[in-house]
Protein chains: 4
Amino acid sequence: MTRRVHASPVFSIPVRVYYEDTDAGGVVYYANYFRFMERARTEWLRGLGFEQDELARDPGVLFAVRTAKLEFLKPARFNDLLEATVEIRGRGRASLTFGQRVQRGDEVLCEGEVRVACLEAKSFAPCPIPPTILSRLDAGAQT
Amino acid sequence: MTRRVHASPVFSIPVRVYYEDTDAGGVVYYANYFRFMERARTEWLRGLGFEQDELARDPGVLFAVRTAKLEFLKPARFNDLLEATVEIRGRGRASLTFGQRVQRGDEVLCEGEVRVACLEAKSFAPCPIPPTILSRLDAGAQT
Amino acid sequence: MTRRVHASPVFSIPVRVYYEDTDAGGVVYYANYFRFMERARTEWLRGLGFEQDELARDPGVLFAVRTAKLEFLKPARFNDLLEATVEIRGRGRASLTFGQRVQRGDEVLCEGEVRVACLEAKSFAPCPIPPTILSRLDAGAQT
Amino acid sequence: MTRRVHASPVFSIPVRVYYEDTDAGGVVYYANYFRFMERARTEWLRGLGFEQDELARDPGVLFAVRTAKLEFLKPARFNDLLEATVEIRGRGRASLTFGQRVQRGDEVLCEGEVRVACLEAKSFAPCPIPPTILSRLDAGAQT
């Protein structure tokens, strides 16, 4: 009953499961899928040419998770080599919606949707996504 | 624009925000709300008279999160004294659905719905919730 | 071969072990004793009347760990109710040295020595411990 | 006052600092250096041809940290690309002592010594390091 992953052009990073990620049930602690997913979003953004520490200084924005829906399908175990994926599902003026998965080979272990809002780094107030980022997203979508 | 919490009979525990819970944004790292919520579910279960390490031995069950929907409304900060709440929203033969919130006084910072499945501790196969737990839930609901 | 704890006047807090604290070995992940010990130092400081978020604003200092020596004697397990202790072992102009333990009843599970430096919150440069804190330490020592 | 790293043959892995690793001070949370160091030890062992999940089944051993001495020299920050190193400093019948560092380029941020004991996976009782591992260590030392 493994959900097959369609061969879509998604961004992904490898994630090794270390002791720090597991719990006494012998599996990855459920909150840690959120960590793996954030690492994937960070590397995806880096792949587009953006470093979050620089974005926070200029143009002074950061991204914060607003909503998340996760489905935990199968457990990941200590020492597994996983893949964390990210793909854009939606784009608003001030937010991005990502589809994300954590998988082991073809098996999807956890999948979900994460919406992040663009915030002013100083005030945490919502703000439009900077044009430099939007244009890079458009360019990325065409590749 | 603070969402008022209705005076419903929910279970809650205090949660102090330590450095370990925060990130470089100066706020609680988003995955850590999952920790606070699990602490609340654990203490709620303990309040019903069940210790999870004993349940894993006899009758040999554990609870694992299957789905979670979270909304992050406002940031919690270092040193905040929060409250993590839990209340039952639904009951299946082999799963429980909880409504949960993390709040600071009257302000709801994060809220969501978490569905946990009852699993055989050895095989991780889904199994019915043991009658001893169900009857305690019924008793609890009447209090 | 349990090390008995001498009945000395140390400060301590209760620490419940949740799933988040454990690893696939079924025991508390070794790095997490550092968390328990920091919670104890934070509550000890709060007990003296100091909130770290206020100290960072006025007089503008924070405490950062400089050295730590830990001995891991016995494993703590899921659901254990532990105690994390803290007592002052030494005092410099700009640093404090603590003896700390994590124990389960009389059994010491982890013990060590942690030296923290007083830093200017803005520059992270070492600075003398503020007199308000020193005088409270002296008062505390006499109680 | 950066401590220069001598050009010794040590094993190292890259470690990227994500939000999950930092705290509200804007730097890597002190306990997380323990995580980085364990990742390095795990990859070093993997480099010698040993997977810890397999070792736990056959010959039925695991390694647990017994003592650790750490010195925190400079803070690592969000988004830094670090290196975590490991080298053997000592070898007993049933334990190994490692020198470990976390560095950013030439700057050593954290360094320390970690002693791990070899334990029977089932009983957690100390046991001799299996000959297959010892001989691989000897082979590794000659490379």
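Backbone geometry of the stretch D:131-138 corresponds, through the Karplus equation with coefficients 6.51, -1.76 and 1.60 at θ = phi - 60°, to 3J(HN,Hα) couplings of x, 4, 6, 4, 5, 5, 4, 5 Hz, x marking Gly and Pro. Here is how the number arises for the protein assembly as shown: DSSP H runs of 4 or more residues each give -39500 (n - 2.57), the sum is divided by the residue count, and the result at 222 nm is -7500 deg cm²/dmol. The charge dipole of the stretch C:60-143, taken about the Cα centre with unit charges on the Cβ atoms of Lys, Arg (+1) and Asp, Glu (-1), comes to about 320 debye, rounded to the nearest 20. Inter-copy label distances at C:Gly26, using a point 7 Å along Cα-to-Cβ, come to 1.0, 4.6, 4.6 nm with the shortest given first.
Using a 1.4 Å probe over protein heavy atoms, the accessible area lost on pairing A with C, summed over both chains, comes to approximately 700 Å².
When A:Pro59 is represented by a point 7 angstrom out along its Cα-to-C-beta vector, the spacings to that point in the other copies are 4.4, 5.9, 6.2 nm, nearest first. Checking every one of the GluC sites (Glu not before Pro) in the stretch D:14-58 against DSSP loop status and a limit of 15 other Cβ atoms within 10 Å picks out D:Glu51.
If I fit a long axis through the Cα atoms of helix D:32-47 and take the longest principal axis of the Cα atoms of chain D, what angle between them do I get, 0 to 90°, rounded to 10? Computed tilt is about 40 degrees. Counting Cβ atoms of other protein chains within 10 Å of each residue's Cβ and taking the mean over peptide A:78-86 gives 2. Placing a label point 7 Å from Cα along the Cα-to-Cβ direction at B:Asp106 gives distances to the equivalent points in the other copies of 5.2, 5.6, 5.9 nm, listed shortest first. Taking trypsin sites (Lys or Arg not before Pro) as exposed when their DSSP state is a loop state and no more than 15 other Cβ atoms lie within 10 Å, the longest site-free interval of chain C runs over C:5-92. Taking the 1.4 Å solvent-accessible surface of the stretch B:3-141 as the whole, the part contributed by carbon and sulfur is 51%.
Would you please classify the overall shape of the protein assembly as shown from the alpha carbon gyration tensor, given that a ≥ b ≥ c denote the square roots of the eigenvalues, rounded means a/c under 1.5, and beyond that prolate means a/b larger than b/c while oblate covers the rest? Since a/c stays below 1.5, the shape of the protein assembly as shown is classed as rounded. Buried on complex formation within the stretch D:14-29 (loss of at least 50 square angstrom of accessible surface versus the isolated chain, 1.4 Å probe, ligands and nucleic acids ignored): D:Tyr18, D:Tyr19, D:Glu20, D:Ala24, D:Tyr29. Per residue, the accessible area of chain A comes to 44 Å² when a 1.4 Å probe rolls over the protein heavy atoms.
For B:Lys74, a cut-off of 21 angstrom between C-alpha atoms picks up these lysines, skipping any fewer than 8 places away in its own chain: A:Lys69, A:Lys122.
The values are calculated or read from the model by the stated rules, or taken from the named source; none is laboratory data. Computed from a prediction, not measured in an experiment: that's the story for all the values here. Cβ sites come from the backbone with ideal geometry, for glycine too, and all protein chains shown count toward neighbours. Only protein heavy atoms, including side chains, enter the accessible area calculation; ligands, DNA and RNA are left aside. Shrake-Rupley method; radii C 1.70, N 1.55, O 1.52, S 1.80 Å.
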